[in-house]
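Everything on this sheet refers to the single structure shown next.
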Amino acid sequence: MYNYLMTTIITFLLFSFSLCTYGTKSFGLGKILKLGKHDNLVQHKNLRIYTADTVGFVTYFQGEKILSKLKNPKSEHFEIFENGIKITGHKILGQFIKLHHLGHTPKPYKPVHYIGTVFVKLLRPMLEGKRYTFKFQNKKISTKVNIIWSDKNILSDAIKVNQIGYLSDASTRLAYLGKWLGTGGALKIKMSKFLVINANSGKAVFEGKLKLRHKEGELEGGLQQDLSGENVYGLDFSKIKTNGSYFISVPGVGRSYSFRVGDDVMAGPLFTSIRALYHARCGISLLKKYTPWYRNKCKQHIKIGIYPEYGDPLNFKLISRYLKESKSNMSLRYKNVQGGYHDAGDYDRRPHHISIALNLSRLYEMNPKAFIDKQFLIPESGNGIPDILDEANFLLSFYLDNQWPDGGIPAGSEGTSHPRNDRYTKNAWRTNVDNENVEYIMRPVSALSSFSFAASASHLGRVLKKFDREKGKRLIKAAQKSFKNGLVKFPPKSLTEEVNVAKAAANLLHATYDIYYTKIINRLTRFKKEEIDHLIFFDIAYTFAILPSDVPGPDMSFRNKLVKDHIKAFNFAIDNYTLKKGYLHFKHPMAPVTNGTAHVSQAWWPIFTWKMTGDKKYYDILSASADVILGANPMGQVQCSGLGQKHILHPEYLE
């Protein structure tokens with residue numbers, strides 16, 4: 001059961017792009033699910049309920065002219081009726097207007113759509129079974145919503161849950177109650193208990209107490225910020241031991257989205273995450289038999305200009321100049337290529353994509369029984385190799401097939417500009433693989449591409465040899481050439497560079513048992529002697545920890561020190577920051593400064609620590625972090641499009 005979480009969360013972090021593109025109807029796709037006979041959720045897009053006496057009137061509008069008219073709402077614009085009788089005495093608490101989405105048609109970034117919420121407090125709480133009508137009207141917008149109040153039916157946007165499901169063996173299982181009301185500050189909560197309702201029977205199977213985890217204005221994290229602006233209450237229902245479908249009800253507040261507790265709840269996120277990689281493949285057509293989001297083969301990325309192997313680093317201007325000059329003197333050569341992934345908002349292949357293959361093969365090795373052939377509906381399915389390894393192999397195929405004779409690995413491909421097209425010359429956002437006109441070149445070899453490929457190809461090759469010996473041997477041989485060439489062309493001159501070399505050397509040592517790589521590691525004096533920040537170099541300890549005991553070095557005392565220092569650093573982070581947050585999830589204490597804002601890309605920290613120690617507390621940190629990603633967060637939405645009943649919209653992705 002641990003493995004369901006591990007296989008899912010790791011696949012979330014693998015993809016450094018913005019979009020998860022594939023899902024199934026059973027996982028919601030933004031629609032409200034009915035998971036049981038008594039799962040009768042009621043919500044309305046124009047009315048948000050937070051508690052029985054606090055609501056939000058929601059308007060969706062286009063253009064900034066209307067925006068100015070909504071900035072100073074007045075209480076007389078809002079009418080509230082109970083069983084047909086008008087209620088007075090309500091007051092406006094605050095307001096929040098934000099960008100909803102950008103249309104990009106016909107002009108880029110236009111039309112602009114906003115969503116505005118006016119937070120209103122009723123004179124008294126709504127009562128069970130009574131009918132309420134909410135009206136909002138001004139010169140531009142009018143809204144009317146009818147509801148019948150029920151703690152078990154009315155969705156409260158203040159209750160946040162993992163909308164996909166909680167793992168049955170997680171010792172930490174939390175939902176959250178809290179809401180930031182824009183200019184009105186934090187929602188005030190007076191309730192004290194919550195109920196967990198079985199969606200099939202309609203009966204309460206657990207009653208718990210609200211526990212204040214964070215007060216409005218308290219500072220969190222290494223950057224000392226109030227990360228939510230809320231009064232955050234934890235709703236701990238980890239004592240639920242029976243798998244099934246549930247929702248949370250808080251008397252006087254409302255209910256949550258429904259969710260499951262089970263061993264297999266991460267199957268959907270796993271499938272969706274791996275499928276994201278398939279949809280980003282470069283150089284192939286995406287066919288109808290594999291995806292409803294089919295497209296043609298990308299035209300501009302399969303015949304690219306060859307740039308000098310060790311040419312100067314490039315930018316758009318320099319690439320354009322190189323192409324112009326080399327065409328003029330007829331020295332430009334082209335190469336037909338395939339493989340690798342498109343980046344998020346453009347079509348470039350990036351050197352930092354290479355490590356995705358390392359992560360995928362690590363994933364497989366951690367839990368080989370979880371990964372099989374014909375699992376992820378990709379073109380290679382049916383070849384006898386687990387699909388996850390086929391996906392890793394497709395990524396590396398670009399770098400492998402274009403390896404230079406001396407072993408150099410190109411650092412991807414780069415265009416003359418961000419994507420653009422001839423048809424919509426003033427709107428790059430309407431670019432696709434059919435109409436793009438950007439020219440691309442093969443990027444020069446870099447230290448990152450050399451050592452990242454050496455680490456990734458040697459690891460994948462070692463694992464892949466069990467299924468296809470020749471493929472595995474070819475990858476390992478290419479990794480050896482890349483490593484040796486990298487040492488000559490890019491000798492490490494800093495601790496960071498030495499760590500990258502050491503990671504590649506350790507993976508090659510594991511794959512070959514060649515003492516040459518131990519000798520290289522022992523020559524890395526900074527790596528062996530200086531203090532390593534394991535919250536930055538988060539995978540180096542694990543790389544050495546999984547080396548078999550019979551490999552020829554490095555010495556066990558050094559390997560044990562790496563593991564010990566890693567655990568110490570991670571414990572410092574969770575004890576001083578993670579466990580003190582309102583929403584329990586791991587994130588680098590200094591994010592976004594050090595390691596970006598993405599939660600999912602930082603799941604490796606608890607994964608590696610858990611796998612090296614076997615201590616379940618790290619698994620529980622991992623599980624709680626997954627819950628936050630899947631909806632139990634301040635926004636109350638799943639951080640992956642296509643999953644859950646409320647998820648992110650309009651991620652940056654051209655296709």
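Figures for the structure shown
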{"read-out": "Helix 267-279 axis, angle to the chain major axis (alpha carbon atoms, nearest 10°)", "value": "50"}
{"read-out": "³J(HN,Hα), Karplus 6.51/-1.76/1.60, whole Hz, each residue of region 164-171, x for Gly, Pro", "value": "7, x, 9, 6, 5, 9, 6, 6"}
{"read-out": "Separation of the residue 123 and residue 145 label points, Cα + 7 Å toward Cβ, nm", "value": "2.1"}
{"read-out": "Region 475-610 - charge dipole about Cα centre, Lys and Arg +1 at Cβ, Asp and Glu -1, debye rounded to 20", "value": "260"}
{"read-out": "Alpha carbon centroid spacing (whole Å) that separates region 74-135 from region 167-238", "value": "24"}
{"read-out": "Neighbourhood net charge (13 Å Cβ-Cβ; Lys/Arg +1, Asp/Glu -1) for residue 146", "value": "+2"}
{"read-out": "For the chain, share of DSSP beta bridges that run antiparallel, in % to the nearest 5", "value": "90"}
{"read-out": "Fully extended contour minus Cα-Cα distance, from residue 439 to residue 76, at 0.36 nm per residue", "value": "124.8 nm"}
{"read-out": "Around residue 502: net Lys/Arg minus Asp/Glu count, Cβ-Cβ under 13 Å", "value": "+3"}
{"read-out": "Å² of accessible area per residue within region 29-158, as computed with a 1.4 Å probe and no ligands counted", "value": "55"}
{"read-out": "Cross-link pairs 289/471; 369/611; 493/561; 86/209; 529/568 - those with Cα-Cα distance over 25 Å", "value": "289/471; 86/209"}
{"read-out": "Positive dipole terminus of the chain, leading residue within 354, 366, 195 (C-beta point charges)", "value": "195"}
{"read-out": "Expected 222 nm ellipticity per residue - DSSP helices of 4 or more, -39500 (n - 2.57), all of the chain, to 500", "value": "-9500 deg cm²/dmol"}
{"read-out": "Residue-span extension gain [residue 223 to residue 309] - 0.36 nm each, minus C-alpha spacing", "value": "26.8 nm"}
{"read-out": "Long pairs among 193/646; 297/335; 121/144, criterion Cα-Cα beyond 19 Å", "value": "193/646"}
{"read-out": "In region 305-351, the trypsin sites (Lys or Arg not before Pro) that fall in loop regions by DSSP, at most 10 other Cβ within 10 Å", "value": "333"}
{"read-out": "Accessible area of region 44-137 belonging to carbon and sulfur atoms, whole % at 1.4 Å probe", "value": "53"}
{"read-out": "Charge dipole magnitude, Cβ of K and R +1, D and E -1 - region 95-182, Cα centre, debye nearest 20", "value": "560"}
{"read-out": "Helix 616-629 vs. the chain, principal-axis angle (Cα, 0 to 90°, nearest 10)", "value": "70"}
{"read-out": "Linear extension gain, residue 169 paired with residue 287, 0.36 nm per residue minus alpha-carbon span", "value": "38.6 nm"}
{"read-out": "Relative packing of 276-285, 618-627, which averages over residues the other C-beta atoms within 10 Å, highest first", "value": "618-627, 276-285"}
{"read-out": "Placed amide H near residue 42: partners under 5 Å, 5+ positions off or other chain", "value": "154, 155"}
{"read-out": "Global geometry of region 147-247, whether rounded, prolate or oblate, following the gyration tensor of its Cα atoms and the 1.5 cut on a/c", "value": "oblate"}
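The values are calculated or read from the model by the stated rules, or taken from the named source; none is laboratory data. On a predicted model such as this, the values are computed, not experimentally measured, just so you know. Using ideal geometry, Cβ is built from the backbone for each residue, glycine included, and neighbour counts are taken over all protein chains shown. To get the accessible areas, we keep the full protein, side chains included, count just its heavy atoms, and leave off ligands, DNA and RNA. Shrake-Rupley method; radii C 1.70, N 1.55, O 1.52, S 1.80 Å.
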